[in-house]
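The block underneath contains the structure these notes are about, expressed in structure tokens.
The values are calculated or read from the model by the stated rules, or taken from the named source; none is laboratory data. Nothing here was measured: the structure is a model prediction, and the numbers come from that model. Every residue, glycine as well, gets a Cβ built from its backbone with ideal geometry; the counts of neighbours run over all protein chains shown.
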Amino acid sequence: MGRAFIIVLDSVGIGGAPDADRFFNGDIPDSGANTLAHISAACAAGEAEVGRSGPLHLPNLGRLGLKAAVDLASGDDALGLPDAVDGLWGAATEVSRGKDTPSGHWELAGVPVPWDWHYFHDTEESFPDDVVAEAARLAGTDGILGNCHASGTEIISRLGDAHIRTGKPICYTSADSVFQIAAHEEHFGLERLLELCRGLAPMLHAMKVGRVIARPFVGESGAFERTGNRKDFAIAPPSPTLCDWVQGAGREVYAVGKIGDIFSMRGIDEVRKGDDAALMEHLIDVMAEAGDGSFTFANFVEFDSLYGHRRDVSGYARALEWFDTQVARIEAAMKPGDLILFTADHGNDPTWTGTDHTRERVPVLGMGVGARPIGHVAFVDIAATVAAHLEVPAQGPGRSFL
């Protein structure tokens, strides 16, 4: 028995989802979206030259079989990636009725989502009156600011001064099933913001809103900046996940990134947070420290949060190329018996219309079990595979592909 690691490259989809025509960005279906292939095409065409140049350069992920996985998933070509394969590779398909973060991660952990998420569709006056009233009551104010769809950086720039002047929290949403609250760490108070989100979460979770997210910021007028103290209050998974299976067997479970928030800390022993650069250092540290039989679940979110939603092709390509350089460090930190699986939770094609996620299949690339194709698998098969590797009873519907 060795150790197991699932490393999620958040939103790095590879196209080909069979139900993409039922998911939309505005009025445009996601049919044909392909995050990885379209980024590689833009790079090859010289259209992603900000901070980088030339064809997409992913030699380490490429040698694990990323190009072959893209072709398997969608029939598209990941231009510039090597053809040689030296790892486990395949493509995974999601069945949950959402292209959001909790749906993808829960299903990767063996639990498809059995309900439809609630979304706030109106771009202005987005929230029901009872939700607005409860948010104001919990904040101790006579109302809220925002009440709309917005970018987090844009809305604090636009409403930050009014927030400081009135004390009202800034409440906004997006195409995801989320209720986000921005507040100034000093003028409003970080702990007060967290208590507001914690208090409002049960009401929204009962509506099947996936997450209430605290979005603290600092600074003065014209120079507001979000901080790293974001906290997600996520609805709990409907049944035990891979994290619970492993922890229930008496093993350690490490969460790197926002995994703890996504799983409401169920089945998790230790959490390490930060930006993606810091998270990579945390991951390398965990690989040095974690004991035999442990499970580590890591999420690298900036592909999605900084580049996918903002439709920044160059930035997304830079992030992929940076991560690829770190794969060699991850490989060097492996111990005999380790299983490492690289995957994603959904797509977020930066060449696509709109700002929402895109419904796509995701890659499954593995180290530690030799070079082999696994073909098309389900998201839940990843959980079953980790459970089999760790010799932990699986409680979900998946099947191991080892």
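Of everything in the range 240-259, what is farther than 19 Å from Ala344 by Cβ and part of a helix (DSSP H, G or I)? Give them in sequence order.
Step one: filter the range 240-259 for residues farther than 19 Å from Ala344 by Cβ, giving 240, 244-254.
Listed by number, the residues that qualify are Asp244, Trp245, Val246, Gln247, Gly248.
For Leu108, state whether it is under 25 Å from the mean Cα position of the chain (by Cα), surrounded by 15 or more Cβ atoms within 10 Å (Cβ to Cβ), under 28 Å from Ser31 (Cβ atoms) and touching a residue at least 60 places away in the same chain (Cβ under 8 Å). Here the answer is yes, as Leu108 does meet what is asked. Quick one: is Gly143 assigned to a helix (DSSP H, G or I) and modelled with pLDDT of 95 or more? Here the answer is no, as Gly143 does not meet what is asked. Among the conditions (1) modelled with pLDDT of 95 or more; (2) within 17 Å of the chain's Cα centre (by Cα); (3) small (Gly, Ala, Ser); (4) surrounded by fewer than 22 Cβ atoms within 10 Å (Cβ to Cβ), the only one that Ala298 does not satisfy is (4). Taking residues in the range 53-79 that are of a type in the set (Ser, Thr, Tyr), and partners anywhere that are modelled with pLDDT of 95 or more and surrounded by fewer than 23 Cβ atoms within 10 Å (Cβ to Cβ), the pairs with Cβ atoms closer than 9 Å and at least 6 places apart or on different chains are Ser53/Gly46; Ser74/Gly32. Checking each residue in the range 151-190 for being within 28 Å of Pro102 (Cβ to Cβ), crowded, with 22+ Cβ neighbours inside 10 Å and of a type in the set (Gly, Ala, Ser) picks out Ser177, Ala182, Ala183.
Among the residues making up the range 197-210, those that are surrounded by 14 or more Cβ atoms within 10 Å (Cβ to Cβ) and either at pLDDT below 95 or farther than 22 Å from Glu154 by Cα (or both) are Arg198, Gly199, Leu200, Ala201, Met203, Leu204, His205, Met207, Lys208, Val209, Gly210.
On inspection, Gly315 passes the criterion of being over 24 Å from Ala84 (Cα atoms) and crowded, with 19+ Cβ neighbours inside 10 Å. As a summary of the residue check, Trp322 satisfies the conditions (1) without any contact (Cβ under 8 Å) to a residue 60 or more places away in the chain; (2) aromatic (Phe, Trp, Tyr); (3) buried (at least 24 other Cβ atoms within 10 Å of the Cβ) except for the one numbered (3). Restricting the range 234-252 to residues that are among the polar types (S, T, N, Q) and surrounded by fewer than 21 Cβ atoms within 10 Å (Cβ to Cβ), the residue that is nearest to the chain's Cα centre (by Cα) is Ser239.
In the range 70-90, the residue that is surrounded by the fewest Cβ atoms within 10 Å (Cβ to Cβ) out of those that are in contact with a strand residue (DSSP E or B) (Cβ under 8 Å, 6 or more places away or on another chain) and under 9 Å from Gly16 (Cα atoms) is Leu72.
The residue pairs whose first member lies in the range 203-223 and is among the β-branched types (Val, Ile, Thr), whose second member is exposed (fewer than 15 other Cβ atoms within 10 Å of the Cβ) and part of a loop (DSSP other than H, G, I, E, B), and whose beta carbons are closer than 8 Å, counting only pairs six or more residues apart or on different chains, are Val218/Thr227.
One residue stands out in the range 254-274 among those that are surrounded by fewer than 24 Cβ atoms within 10 Å (Cβ to Cβ) and touching a Leu at 6+ places or on another chain (Cβ under 9 Å): the one that is modelled with the lowest pLDDT, namely Lys273. One residue stands out among those in the range 351-369 that are outside any strand (DSSP E or B) and crowded, with 20+ Cβ neighbours inside 10 Å: the one that is modelled with the lowest pLDDT, which is Asp356. Is it the case that the range 229-239 has a residue that's closer than 22 Å to Ser11 by Cβ and part of a helix (DSSP H, G or I)? Within the range 229-239 (the criterion being closer than 22 Å to Ser11 by Cβ and part of a helix (DSSP H, G or I)), the answer is no, since none of the residues qualifies.
Report whether or not Val95 is among the β-branched types (Val, Ile, Thr), in contact (Cβ under 8 Å) with a residue 60 or more places away in the chain, closer than 23 Å to Thr355 by Cα and not in a helix (DSSP H, G or I). The answer is yes for Val95.
How many residues does the range 11-48 hold that are farther than 23 Å from His149 by Cβ and assigned to a loop (DSSP other than H, G, I, E, B)? Total satisfying the criteria: 14. Inspection of the range 12-21 finds no residue satisfying the criterion of being farther than 30 Å from Asp116 by Cβ, surrounded by 20 or more Cβ atoms within 10 Å (Cβ to Cβ) and touching a helix residue (DSSP H, G or I) at 6+ places or on another chain (Cβ under 8 Å).
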